[in-house]
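Contents: one structure, followed by commentary.
The values are calculated or read from the model by the stated rules, or taken from the named source; none is laboratory data. Given the structure is predicted, the values throughout are model-derived calculations rather than measurements. A quick note on method: Cβ atoms are made from the backbone with ideal geometry, for glycine too, and the neighbour counts reach across all protein chains shown. Accessible surface is based on the protein model in full, side chains and every heavy atom, while ligands, DNA and RNA are left aside. Shrake-Rupley method; radii C 1.70, N 1.55, O 1.52, S 1.80 Å.
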Amino acid sequence: MTVSTTAPSATAALWADAERHLVRYGGAFTPEIIDRAAGSYVFTADGRKVLDFTSGQMSAILGHSHPEIVDTVRQQIASLDHLYSGMLSPPVVGLARRLAGTLPAPLEKALLLTTGAESNEAALRMAKLVTGKHEVVSFARSWHGMTQAAASATYSAGRKGYGPGAPGNFAIPVPNTYRPDFTTADGCLDWRRQLDFAFDLIDAQSTGSLAACLVEPILSSGGIIEPPAGYFAALREKCRERGMLLILDEAQTGLCRTGTWYAFERDGVVPDILTLSKTLGAGLPLAAVITSEEIEQEAHERGFLFFTTHVADPLVAAVGNTVLDVLTRDRLDERARALGEFLRDGLTEMAGRHPVVGDIRGRGLLAGLELVVDRATKRTSDELGALVTRRCLELGLHMNIVQLPGMGGTFRIAPPLTATEEELSLGLSILDQALGEACAAL
Ligand SMILES: Cc1ncc(COP(=O)(O)O)c(C=O)c1O
């Protein structure tokens, strides 16, 4: 049963106020007012129940308002909420220790922050200080956040119109196996040649100040692109040769979503610095920068400063501890792996019915479905993606589509790790219907 808690006239008034008083920070707003969320669903003001296939902003890995998170927030805010930034508390020290326990050596020192951009900002500051250099290399379809250094390393959106980014930021091509640019004789992606060429260009442009490479192990905002096995080991080597630190941004992939605790486990490549955010707070603002004792020591000796209002805040650190409790106890890595297979089977079956499905990719519960209007030429249509997204929402499924030049619309499918097979089946059947109807309407 769906129950509306907001009268239609009140909803209209909210939209009027929104139009009058809110800054539009990312295009148009989703055309629904949400007044409640629970588990895998959000509930609209007019009483509709919508399946949340984006886990909020790719963050709510335990679903919305998980009872243990609710309890933690209630208890923690009533006993120790926020502190002077130089003070420590048990939830902060405990979370740092426990994060180290989930990670391979030498990642054992954590800095607890608030957002993904902030964690990358801090990681880059640390890399620059420790190497004494300032140049940063990232993927040409990256998203690392909206603050200065993070935005300067972000190439998938938001570069035009804001003046110069930080000096010394360079992009390398994304190893996209579905749309290969450098190819072998049989037409497959020749990622080694692509990577060599990329670093030839970096070396040509560098002033000799290469500090770090900041990359996502699976590009999410770039269209769910998973670099091939072997790529990160080769990238790590490129970094080593140049004295650069490798920073992996696991904002979306960290904490079990891809079927392992961290996506880098597949590659056997341990970064010098790891950043976590979205999934660590499972929807609450918590982020972490994790590095080795050696790098932390060097940074400290050089006067590392990242003193913010909400650094080491006990409230969200307590939430992080509960997130780790639930992930471990409920074995959500294994669950993400199994549900990921279930999801992929459903998507593959759907691809058999809808020729507009060009590619299905991703890992665990981070899946991508790329739409094309012609499978042979991989020709794209922005209109199709918009139509499918709109119809899904009408039918009760919230999906997010990435539209980038030269790519088809790619749906990012990232349900909570606590979702059930029934919920995934419901989402798949809505997507199936929306695809059918949108294609008929094109
Ligand atoms: C991989 C990645 N890194 C960093 C960020 C930025 O995080 P935040 O929006 O919390 O600053 C995002 C956000 O989408 C992201 O996907």
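Report, by residue number, each residue of the range 380-399 that is open to solvent by 10 Å² or more (accessible area, probe 1.4 Å) and touching a residue at least 60 places away in the same chain (Cβ under 8 Å). Correct list: S381, L393, H398.
T258 passes every criterion in (1) part of a helix (DSSP H, G or I); (2) within 13 Å of the ligand (Cβ to nearest atom); (3) of a type in the set (S, T, N, Q); (4) touching a strand residue (DSSP E or B) at 6+ places or on another chain (Cβ under 8 Å) apart from (1). Report, by residue number, each residue of the range 283-324 that is of a type in the set (D, E) and in contact with an Asp or Glu (Cβ under 7 Å, 6 or more places away or on another chain). Once the filter is applied, which keeps residues that are of a type in the set (D, E) and in contact with an Asp or Glu (Cβ under 7 Å, 6 or more places away or on another chain), the range 283-324 yields only E293. Please indicate, with yes or no, whether at least one residue in the range 204-225 is open to solvent by 10 Å² or more (accessible area, probe 1.4 Å), closer than 26 Å to L327 by Cα, part of a loop (DSSP other than H, G, I, E, B) and touching a residue at least 24 places away in the same chain (Cβ under 8 Å). Within the range 204-225, one or more residues are open to solvent by 10 Å² or more (accessible area, probe 1.4 Å), closer than 26 Å to L327 by Cα, part of a loop (DSSP other than H, G, I, E, B) and touching a residue at least 24 places away in the same chain (Cβ under 8 Å). Would you check which residues across the range 356-372 are more than 23 Å from the chain's Cα centre (by Cα) and free of Cβ contacts under 8 Å to residues at least 60 places away in the same chain and list them? Within the range 356-372, just V372 meets the criteria. Within the range 136-148, is even one residue more than 19 Å from the chain's Cα centre (by Cα), crowded, with 16+ Cβ neighbours inside 10 Å and within 15 Å of the ligand (Cβ to nearest atom)? Within the range 136-148, one or more residues are more than 19 Å from the chain's Cα centre (by Cα), crowded, with 16+ Cβ neighbours inside 10 Å and within 15 Å of the ligand (Cβ to nearest atom).
Within the range 279-293, the presence of at least one residue that is surrounded by fewer than 16 Cβ atoms within 10 Å (Cβ to Cβ), in contact with a strand residue (DSSP E or B) (Cβ under 7 Å, 6 or more places away or on another chain) and either modelled with pLDDT of 95 or more or within 30 Å of P67 (Cα to Cα) (or both) is confirmed.
Every residue, every condition in (1) surrounded by fewer than 19 Cβ atoms within 10 Å (Cβ to Cβ); (2) assigned to a strand (DSSP E or B); (3) in contact (Cβ under 8 Å) with a residue 40 or more places away in the chain, yes or no:
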| residue | (1), (2), (3) |
| --- | --- |
| A151 | no, no, no |
| Y155 | no, no, no |
| G158 | yes, no, no |
| G161 | yes, no, no |
| T177 | yes, no, yes |
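Scanning the range 38-52 for residues that are open to solvent by 30 Å² or more (accessible area, probe 1.4 Å), assigned to a loop (DSSP other than H, G, I, E, B) and at pLDDT 95 or above yields one hit, R48. All of (1) within 18 Å of T308 (Cβ to Cβ); (2) outside any helix (DSSP H, G or I); (3) touching a residue at least 60 places away in the same chain (Cβ under 8 Å) hold for S142 with one exception: (1).
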